[in-house]
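Please read the structure below before turning to the comments.
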Amino acid sequence: MGNDHKLGKNKKFFKYFKEYEWSNIIAMMRNNRLDPKICKEDFKDKLVVITGATSGIGYLTARKYAAMGANLLCINRNILKSEALCLEIGQEFGVRCEYKIADLSRLAEIFQVAKELSAMNLPIDVLIHNAGVYLTKRELTSDGLEKVFVVHYLSSFVINYLLMEKLKSQEKARIILVGSEGHRFAAWGLRLEDLNWEKRSYSGLKSYGSAKTAQLLSMIVFADQFQNSGVTINTMHPGAVKTETGQENGPVYRWFKRNFLDKTLRSPEISAEALYYLGVSKEMEAVSGKFFNLTAEEEPAPPALDREVAGELWNISLELSGLHQ
Ligand SMILES: NC(=O)c1ccc[n+]([C@@H]2O[C@H](COP(=O)([O-])OP(=O)(O)OC[C@H]3O[C@@H](n4cnc5c(N)ncnc54)[C@H](OP(=O)(O)O)[C@@H]3O)[C@@H](O)[C@H]2O)c1
């Protein structure tokens, strides 16, 4: 069994190695400097569900959709910030802004919110999975799972899975996963036998890269499931932008971020514009299963395109979340 795994890993190593193309990296570097395409159409009276709208990219995206007339349902973990957000948005834009509280690192709360969303009578026009954390040290959730994997990946998997029937019955909806070029840090792919990082050293970049690769892999299967249903699912990198990300880490990381990283980053306004374009523009109506750097389509890294691993991850995710029973 141990040897089988080693063999499988080596095979994947050579498979991916052969598939890497420099032209994709060069395209990414070029796209990193681009501005997003702008969509000027309004989105009056549509419903947008967005996770992690209390800060950074989620906050500006919520404001952008509200400014264009959409009603919002935000899935946040903090009541006070949610109250302030909805008050601000309601007063400024005159749209409906509601929220549900869920800690998206906890399976019970993920299931609760997914069930509430699927029981709603209103159609969800756009669903944006944005919430995320960046951790330099491994943390386990109360369910015993690695936290970055759950917040970035498993929460969106469960919510999408439980919403599948509702969204299909609407015959029109767009799901957007806020992913990252950081998926490329998982250069040799997901280690499905060690998703909890017990057998290897943990780092922020590696766990983040793995979780974002998992997101992209799940997109492949969801895009198949939604084929010809009118529901699309795409993943986007929101730019390297200045937000509150990483605040859970220690003082050294926060000092480094404030004094070095933040000085190189762009404004998250570009992320909000891109998320609006991907969610609303006519050009994106029939586009599904694709990865965008802001609004420029790109080829993800080979491990994020591996259909065999995508299928295995799907089954493991059903097991881990208890959806298989
Ligand atoms: N910033 C970048 O350059 C960049 C680049 C590539 C991808 N991204 C992706 O963009 C997304 C948004 O990140 P950001 O940069 O805007 O970071 P941010 O400012 O830290 O915002 C993260 C949001 O997620 C929420 N959140 C975190 N953990 C949660 C949990 N357990 N349950 C529910 N909500 C939770 C936060 O809530 P609180 O307000 O309560 O903390 C906040 O609203 C992430 O998926 C990130 O990976 C960012």
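Nothing in this text is a laboratory measurement; each read-out follows from the coordinates by a stated rule. Quick caveat: nothing in here was measured; it's all calculated off a predicted structure. Every residue, glycine among them, receives a Cβ derived from its backbone with ideal geometry; neighbour counts consider all protein chains shown.
Quick one: net charge around Leu177, please, counting Lys, Arg +1 and Asp, Glu -1 for every other residue with C-beta under 12 Å from its C-beta.
Every neighbour counted, the sum reads +3.
Listed here are the pairs Lys44/Lys100; Lys12/Lys263; Lys172/Lys212; Lys18/Lys206; Lys81/Lys212; which of them are more than 29 Å apart at the Cα?
Lys12/Lys263
What list of ³J(HN,Hα) couplings, whole Hz, do you get for segment 273-285 from phi and the Karplus terms 6.51, -1.76, 1.60, once you set θ to phi - 60° and write x for glycine and proline?
Values per residue, Gly and Pro as x: 4, 5, 5, 6, 4, 5, x, 10, 5, 4, 4, 8, 3 Hz.
Pick from Lys11, Lys100, Lys172: which is most flexible by mean-square fluctuation in a GNM of the chain where alpha carbon atoms under 10 Å apart are linked?
Ranking Lys11, Lys100, Lys172 by mean-square fluctuation puts Lys11 first.
In square nanometres, what is the average projected area of the Cα convex hull of segment 1-150?
13.4 nm²
Could you bin all the Cα-Cα distances of the chain into 10 Å bins starting at 0 and give me the percent of pairs in each, rounded to whole numbers?
For the chain, the binned pair fractions read 6, 27, 37, 24, 6, 1, 0 percent.
So which cysteines of the chain have no other cysteine's Cβ under 4.7 Å from theirs?
So far as the 4.7 Å Cβ criterion goes, Cys39, Cys74 stand without a partner in the chain.
For segment 93-141, report the translational diffusion coefficient in µm²/s to the nearest whole number, using Stokes-Einstein at 37 °C, 0.692 mPa s, and a Kirkwood Rh over Cα pairs.
D = 245 µm²/s.
Which length gain, in nm to one decimal place, applies between Leu265 and Leu192 when the Cα-Cα distance is subtracted from 0.36 nm times their residue separation?
Values: separation 73, 0.36 × 73 = 26.28 nm, distance 3.25 nm.
Full extension of this stretch gives 23.0 nm more.
Which FRET efficiency, nearest 0.05, do Arg30 and Lys81 yield, Cβ-Cβ r, R0 25 Å?
FRET efficiency, Arg30 to Lys81: 0.10.
Which residues' amide hydrogens lie under 5 Å from the amide hydrogen of Lys290, considering only partners 5 or more residues apart or on another chain, with H built in the peptide plane?
Result for Lys290 returns Thr235.
Where the centroid of each part is defined by its Cα atoms, how far is segment 183-247 from segment 103-146 in Å?
That distance is 15 Å.
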